[in-house]
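I have placed the structure first, in the form of structure tokens, so that the comments after it can refer back to it.
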Amino acid sequence: MKAVVMNGTGGREMLEHVERPDPVAGPGQALVDIAFAGVNFMDIGVRQGMAWTDTPNPKTLGVEGVGWIVAVGDGVEGVLPGQRVAWAYAPGSYAQRIAIQAASLVPVPEMIDDRTAAAVMMQGLTASHFATDFYPVRPGDVAFVHAAAGGLGLLLTQIVKLRGGHVIGRVSSDDKVAAVKEAGADHVIVDTEGRFAEEALRLTNGEGVHVVYDGSGPKTFQGSLDVLRKSGVLCWYGPVLGGPGPLEIMSLPKSIKIGYAVFMDHVHTPELLRARSAQLFDWIAEGKLKVRIGNEYPLADAARAHADMESRKTTGKLLLVP
């Protein structure tokens, strides 16, 4: 089978499209033919040496996708050969075929197409965690969403709106405004310098927002603090772009709360994974949640997909086609 591996830590030149041995379903695993694989900032972090450091190179990148089960190993229950399934985290998904723990798979309803299923898993579950678990948005709450035109930002905006909240989205260019407005954002701020706080405070009559979702790295950290109201919550994520550095807790203003949100905490059991995924699929089927595909690339062009994602010029989800 074909796969994309990283031969060392570093830039996109470390990625190579190679022939690899076909995997075999071991005990508790299912063997899946991959139809689409999702591209995530996590993949870039792995390539840059921020994760999976204990796994020797060359190693196959990717964690997310959709496909068809072709075989199951001993002891597998709940999934069958011929079934269409999706997953949010299974290392080695930049490939034509993968052996996955059956507990990591969710069945895909017939009304959900392959592209949508592949595109909604990690970012949809992350958005669900942010808006329903980490900070449960209440009717009338105002949320500030960084990178609002990305795959995660568009889904998060829609889920906040589903829960009765208001959204101020931040984007890096004028050509991204329409997509964020279409997702339901009440206001969109175009900003590349991290100077968004003044405008957001103006839009909230000086009160600030209830929650900020910030995965944009250290450059926006102070602005995210500034835009919060008293007792507001900063949801920090996105380790690829780095953290804010050491914090003096007694210097934090306005009784705000800061936390680092990890989507796996939202789906830490197979039962939760399937329930949360089913909710996303239901919202899609009901027309309440729209998944935007930004671009598709042949598997061999994974490096180009990474380049486009790193440029921050993309809108919506990026997919690879094995």
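The values are calculated or read from the model by the stated rules, or taken from the named source; none is laboratory data. Just so it is clear, the structure is predicted and the values come from calculations on it, not from any experiment. Positions of Cβ are generated from backbone atoms using ideal geometry, with glycine treated the same way; all protein chains shown enter the neighbour counts. Remember, those area values only see protein heavy atoms, side chains included, never the ligands or the DNA or RNA. Shrake-Rupley method; radii C 1.70, N 1.55, O 1.52, S 1.80 Å.
A Förster distance of 30 Å, applied to the separation of the beta-carbon atoms of Arg274 and Arg304, puts the FRET efficiency at 0.35. Descending by average beta-carbon neighbour count within 10 Å, the peptides 94-106, 8-20 line up as 94-106, 8-20, the highest first. A 1.4 Å probe run over region 82-154, with the rest of the protein chains in place, finds 29 Å² accessible per residue.
Helices meeting the span-like rule in the chain (full DSSP H runs, Cα extent of at least 15 Å along the helix axis, mean Kyte-Doolittle score of 0.0 or higher): 114-129, 151-162, 270-285.
Accessible surface of the chain, 1.4 Å probe: 52 percent of it comes from carbon and sulfur atoms. For the chain, the 222 nm mean residue ellipticity estimated from helices alone, with every DSSP H stretch of n ≥ 4 adding -39500 (n - 2.57) and the total spread over all residues, rounds to -7500 deg cm²/dmol.
Which entries of Lys181/Lys219; Lys254/Lys317; Lys2/Lys313 have Cα-Cα distances beyond 31 Å here?
Working: Lys181/Lys219 24 Å; Lys254/Lys317 36 Å; Lys2/Lys313 28 Å.
With Cα atoms farther than 31 Å apart: Lys254/Lys317.
Students often get this wrong, so try it: which of [x] 1.05; [y] 1.08; [z] 0.98 is Rg/Rh (Cα atoms, Kirkwood Rh) as calculated from the structure shown? The listed entry that was calculated here is [z].
Charge tally around Lys254: other residues with Cβ under 14 Å, Lys/Arg +1 each, Asp/Glu -1 each, net +1. Candidate cross-link partners of Lys230 among the aspartates and glutamates, defined by an alpha-carbon separation under 20 Å and a same-chain spacing of 8 or more, comprise Asp141, Glu198, Glu199, Glu207, Asp214, Glu248. Amide H to amide H distances under 5 Å link Phe36 with Val66, where only residues 5 or more positions off or on other chains count and H is placed in the peptide plane. The candidates His268, His210, arranged from most to least accessible area with a 1.4 Å probe in the full protein assembly, appear as His268, His210. With a ≥ b ≥ c the root eigenvalues of the C-alpha gyration tensor of region 151-206, is it rounded (a/c under 1.5), prolate (a/b larger than b/c) or oblate? Oblate, since a/c reaches 1.5 and b/c is not below a/b. Packing around the peptides 218-231, 250-263, taken as the average count of other Cβ atoms within 10 Å per residue, puts them in this order, highest first: 218-231, 250-263. Rounded to the nearest 20, the size of the Cβ-charge dipole of region 205-263 about its Cα centre is 100 debye, with Lys and Arg at +1 and Asp and Glu at -1.
Pairs of Cα atoms in region 224-315 fall into 5 Å distance bins, from 0 up to the last occupied one, in shares of 3, 9, 11, 12, 15, 19, 17, 9, 4, 1, 0 percent. Sorted on the mean count of surrounding Cβ atoms within 10 Å across their residues, most packed first, peptides 108-115, 84-91 read 84-91, 108-115. Dipole size of region 145-195 about its Cα centre, with +1 on Lys/Arg Cβ and -1 on Asp/Glu Cβ: approximately 220 debye, rounded to the nearest 20.
Farthest toward the positive end of the dipole of region 150-232, out of Val211, Gly184, Gly153, is the Cα of Val211, where the dipole comes from beta carbon charges about the Cα centre. Scanning residues 5 or more positions from Gly62 or on other chains, those with amide H under 5 Å from its amide H are Gly92, Ser93, Tyr94, with H placed 1.01 Å from N in the peptide plane.
With both bridge residues required to lie in the chain, what share of the DSSP beta bridges run antiparallel, to the nearest 5%? Counting only bridges with both partners in the chain, antiparallel ones make up about 55 percent.
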